[in-house]
Amino acid sequence: PAQTLFTDNFTTNASPLWSNLWGAWFAANGAYSCALPNNAPPTLSALPFVLQDFAVDMDIQQVGDGGVWLRCDATGSNGILLVTGGNGWGSGVRGGNAGRSLYWHTVSHGTYSGALNQVFNVFNPGVDNIHLRIEVTGNYYAVFLNGATNPVITLTDADHIASSGFVGLYDFSAQTFHNFSLQVPPGYSPYAITIQPADPTHVNLLWPTNAFAWALEATTSLSPSAWQTLTDPPSRNGTNFLLPVEKTASQQFFRLHKP
């Protein structure tokens, strides 16, 4: 079964893991929203987990114009954006399809596709309270509305715009987010280390999640008593972490350990 990686009910404050990049996000009375909703650039508050396959559950109240970032990068310049409502509702449009739809944008190097696979007349804008479940597997995205067993909208990312990335929220109206939950396949670790060759005598260690309180340890054997803490602090690069390590033995093992 899937494992729950992260939850936030926004009862008091939002979790400090939210990036709150654009929009001045805040939590109050179980709701998460923007003090400065906008779409230029689109607001973004993301979690620091680099994900491939996952599922997201959340409640949204008074749907009008907002959405969910899927497999985006740290700045929202690349990824998939699911729009809830939309069609100008956040800009003050109150007629036609404004606030009533579900649709997708693919985002590549800051360039947005048109509205993809749009489903019309889904919401009563500014009024409806809904539950969304979003499932992402491979290049297939599916959205389930209010507990339905069949998706209300899907997307196949044939161009492979995003193979992995962060999950985040977007807000361009008075709608608010509640009861957020993120699930991942069994065995996933947000602290998994990737080892990349750097030069003939060094490797780079990268891990995607803020493990600042964790110690990076190394050993040349897997004896429980052989682990030694690497004293050089890792350098930071956004939400990615990078540490050049000199190759001092024919084999080395690394782990992140919480003291």
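The values are calculated or read from the model by the stated rules, or taken from the named source; none is laboratory data. Since we're looking at a predicted model, the values are computed, not measured. Reconstructed Cβ throughout: ideal geometry from the backbone, glycine too, with neighbour counts over all protein chains shown. The area values use the complete protein model at the heavy-atom level, side chains included, leaving out ligands, DNA and RNA. Shrake-Rupley method; radii C 1.70, N 1.55, O 1.52, S 1.80 Å.
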**Request:** Mind checking which strands (runs of 3 or more DSSP E) fall wholly inside the stretch 1-115 and carry at least 2 residues that are in contact (Cβ under 8 Å) with a residue 12 or more places away in the chain and under 11 Å from Y170 (Cα atoms)?
**Result:** 31-34, 65-72, 79-85
**Asked** If you take the residues of the stretch 40-55 that are closer than 15 Å to A24 by Cβ and of a type outside the set (G, A, S), which of them is surrounded by the fewest Cβ atoms within 10 Å (Cβ to Cβ)?
**Response** P41
**Request:** Answer yes if at least one residue in the stretch 208-227 is within 15 Å of the chain's Cα centre (by Cα), modelled with pLDDT of 95 or more, open to solvent by less than 70 Å² (accessible area, probe 1.4 Å) and not polar (S, T, N, Q), and no otherwise.
**Result:** no
**Request:** Among the residues of the stretch 163-194, write down those that are open to solvent by 50 Å² or more (accessible area, probe 1.4 Å) and at pLDDT 95 or above.
**Result:** A174, N179
**Request:** Quick one: in the stretch 228-259, of everything that is hydroxyl-bearing (S, T, Y) and modelled with pLDDT under 65, which residue is most open to solvent (accessible area, probe 1.4 Å)?
**Result:** S235
**Prompt:** What are the residues in the stretch 3-15 that are exposed (fewer than 14 other Cβ atoms within 10 Å of the Cβ) and either at pLDDT below 90 or under 11 Å from H178 (Cα atoms) (or both), if any?
**Reply:** T7, T11, T12
**Prompt:** Given the residues V143, V152, which is the only one that is aliphatic (A, V, I, L, M), modelled with pLDDT of 95 or more and out of contact with any Pro (no Cβ under 7 Å at 6 or more places or on another chain)?
**Reply:** V152
